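K.L.:
Below you'll find the structure I mean.
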Amino acid sequence: MSAAADWRRLDAKVVLVLLILVLAPLIPTAGVMLIAGANPVVVASMSGIWAGAAVVLTGIAALDWWFTTYRISDERVELRKGALSRSHRSLPRDRVRSVDLTADPVHRLLGLSVVKIGTGAQADGELKLDGVARPDAERIRAALLLRESTSDSEVADGALARLRPVWLLYSGVTMSLILAVWGAIASAFGSFSELFAKFGLYRAIGEEFRSVPLWLGIGVPALGAVLIGVLGSFLLSLELWWNFTLTRESSGTLRVRRGLLTKRSISLEEKRLRGVEVSEPLLLRWTRGARTNAVATGLSDDKDGSQPDAKTLLPPAPRAEARRVAAEALGEDRFPADGFTGHPAAALRRRITWALLSALPFAAAAIVCAVLGWIPTGLAVGVVVLSALIAVAFGVDAYRNLGHRLHEGYLLSRRGTAVRRTVALQRAGIIGWRFEQSVFQRRSGLVDVVATTAAGSGRYAVPDVRTGDGLAFADEAVPELLAPFLEPIPDD
């Protein structure tokens, strides 16, 4: 790829992608209409219109393909597209920080990949080549990340982690995946609500509910929902993380490859890495599982949803493995998971107070129901006591998870109960400090010490430490940053 590189078109087979995607729903849609009792003539007419629309859209896609060209020279990566409204985008080649490859089932069928070239900038920092032949996509990635043209030879120093199939069982206790499954099922019920009503599904469910005891009518659907959520989250995880491999390449790049139906390849330059985060959602933590995320500059927000979990260095796996991968990514012998400095008792009081306030609506609802005679008084008392006990337990757990420390070149902070997060942040990557203090914190002599950085979420807090201890901790972590703003306390 020289400075005088020629303009190239995407692979012509990309035109077929839209045709397949438009026509794919036609057969099931027509089948559902016929089952629902629609007139065959109407279904045939609808199918003809649908096919005609597919041909028109394919023609538009062909026109767009003809006017889309790209060029990779020694200095720049350029993309020109548009028939009526032309656009010309360009990225400096020496600013390229990531080249991510994605291939959904249709692209895989046609031997194509989507190439995303990013500079790490949040705005206008990405070019997308949708429809590059798979070998060409690999060559583009290698050439841009190695800063030179290469063949398809292996450039990886070695695998840091490979997914073991048994680890997919951790997905069954990953609440975010379970909620995603429940949301998809609810959306499907909404879409086919009229069809279900036509066949009397809702009426049959209502009659069955009235014919069984209340505890059975509530317990069986609840158990079914849990089992469906667990099974669905397992299948979703199978699609996302199958064949997961994390490798360190000779170009100084961490590369993640994963996916069953949709293949994904995500790259992260190690010099952009500012730390790692070991995340332990509550249910996953109870099974001694965790996941490892990168804290890096310029990670894409993935607004189009094509690269979910782009920061993930290891999906849900045993906690020991998550910590090992975190250490490998940092280039350390081990991930420091102990020796954290505890927080004052006032932090415990704050967490118990907030937990009890969160439980107050449940207790109030039980009391109101008892006053109105809807439930027995004893049951209401039980709900109030149970809510208080659960709240206190969560408050104590949140306090026990608080901790911070310095370890060589890293600041470590641990917090959270619903999701316990342990962050190891490079002290050299801290660009500022914020000290936040509410009215109630001032009364308790506490402060939140927030390290700001250009990576990850941009801010990582050490909450509820004594004011003096927080200032001393920040000064010790990055002395040259805070020292000009501190005044020594004169001796009495």
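K.L.:
Counting only residues that are outside any strand (DSSP E or B), open to solvent by 90 Å² or more (accessible area, probe 1.4 Å) and either touching a helix residue (DSSP H, G or I) at 6+ places or on another chain (Cβ under 8 Å) or closer than 18 Å to L10 by Cα (or both), how many does segment 83-94 have?
P.N.:
Within segment 83-94, residues that are outside any strand (DSSP E or B), open to solvent by 90 Å² or more (accessible area, probe 1.4 Å) and either touching a helix residue (DSSP H, G or I) at 6+ places or on another chain (Cβ under 8 Å) or closer than 18 Å to L10 by Cα (or both) number 1.
K.L.:
Which of the residues belonging to segment 38-57 are more than 34 Å from the chain's Cα centre (by Cα), open to solvent by less than 60 Å² (accessible area, probe 1.4 Å) and in contact (Cβ under 8 Å) with a residue 12 or more places away in the chain?
P.N.:
Matches in segment 38-57: V43, M46, S47, A51, A53.
K.L.:
Would you call V15 surrounded by 15 or more Cβ atoms within 10 Å (Cβ to Cβ), hydrophobic (A, V, I, L, M, F, W, C) and either within 34 Å of the chain's Cα centre (by Cα) or assigned to a loop (DSSP other than H, G, I, E, B) (or both)?
P.N.:
When the stated conditions are applied, V15 passes them.
K.L.:
If I go through segment 24-37 residue by residue, how many of them are modelled with pLDDT of 80 or more and either outside any helix (DSSP H, G or I) or open to solvent by less than 60 Å² (accessible area, probe 1.4 Å) (or both)?
P.N.:
6
K.L.:
Let me ask you something else. Can you tell which of R93, R86, R80, R97 is touching a Phe, Trp or Tyr at 6+ places or on another chain (Cβ under 9 Å) and touching a residue at least 40 places away in the same chain (Cβ under 8 Å)?
P.N.:
After applying the criteria, what remains is R80.
K.L.:
Moving to a separate point now. Scan segment 448-460 residue by residue and report those that are of a type outside the set (D, E, K, R) and farther than 14 Å from G275 by Cβ.
P.N.:
V449, V450
K.L.:
If you go through segment 58-82, how many residues are open to solvent by less than 50 Å² (accessible area, probe 1.4 Å), closer than 18 Å to K128 by Cβ and not in a strand (DSSP E or B)?
P.N.:
Here the count works out to 3.
K.L.:
Give me the residue from segment 38-57 that is assigned to a helix (DSSP H, G or I) and not aliphatic (A, V, I, L, M) and, out of that set, nearest to K13 (Cα to Cα).
P.N.:
Residue satisfying both the conditions and the ranking: G52.
K.L.:
Touching a strand residue (DSSP E or B) at 6+ places or on another chain (Cβ under 9 Å), open to solvent by 60 Å² or more (accessible area, probe 1.4 Å) and assigned to a helix (DSSP H, G or I), is that true of F394?
P.N.:
no
K.L.:
Condition test on S250, is it at pLDDT 75 or above, among the hydroxyl-bearing types (S, T, Y) and either on the phi < 0 side of the Ramachandran plot or under 29 Å from the mean Cα position of the chain (by Cα) (or both)?
P.N.:
In short, yes.
K.L.:
Then there's this: One residue is enough: does segment 398-421 have a residue meeting the conditions touching a strand residue (DSSP E or B) at 6+ places or on another chain (Cβ under 9 Å), among the charged types (D, E, K, R), free of Cβ contacts under 8 Å to residues at least 60 places away in the same chain and buried (at least 17 other Cβ atoms within 10 Å of the Cβ)?
P.N.:
Yes, the conditions are met somewhere in segment 398-421.
K.L.:
Right, here's the next one. Which residues, taken from segment 114-164, are modelled with pLDDT of 90 or more, open to solvent by 10 Å² or more (accessible area, probe 1.4 Å) and outside any helix (DSSP H, G or I)?
P.N.:
V114, K116, K128, D130, A133, L160, R162, L163, R164
K.L.:
If we scan segment 422-433, do we find a residue that is touching a residue at least 24 places away in the same chain (Cβ under 8 Å), of a type in the set (K, R) and open to solvent by less than 50 Å² (accessible area, probe 1.4 Å)?
P.N.:
No: segment 422-433 contains no residue that is touching a residue at least 24 places away in the same chain (Cβ under 8 Å), of a type in the set (K, R) and open to solvent by less than 50 Å² (accessible area, probe 1.4 Å).
K.L.:
Only one of these conditions is not met by W374: (1) open to solvent by 60 Å² or more (accessible area, probe 1.4 Å); (2) outside any helix (DSSP H, G or I); (3) touching a residue at least 40 places away in the same chain (Cβ under 8 Å); (4) more than 30 Å from R272 (Cα to Cα). Which number is it?
P.N.:
(3)
K.L.:
Name the single residue that is nearest to L246 (Cα to Cα) among those in segment 299-322 being modelled with pLDDT of 50 or more, charged (D, E, K, R) and part of a loop (DSSP other than H, G, I, E, B).
P.N.:
The selected residue is K311.
K.L.:
Is there a residue being surrounded by fewer than 21 Cβ atoms within 10 Å (Cβ to Cβ), modelled with pLDDT of 90 or more and closer than 30 Å to G289 by Cα anywhere in segment 434-449?
P.N.:
Taking every residue of segment 434-449 in turn, at least one turns out to be surrounded by fewer than 21 Cβ atoms within 10 Å (Cβ to Cβ), modelled with pLDDT of 90 or more and closer than 30 Å to G289 by Cα.
The values are calculated or read from the model by the stated rules, or taken from the named source; none is laboratory data. All of these numbers come straight from a predicted model, not from anything done at the bench. So basically every Cβ, Gly included, is an ideal-geometry build from the backbone, and we count neighbours across all protein chains shown. The protein model used for the area step is the full one, side chains on, heavy atoms only, and it has no ligands, DNA or RNA in it. Shrake-Rupley method; radii C 1.70, N 1.55, O 1.52, S 1.80 Å.
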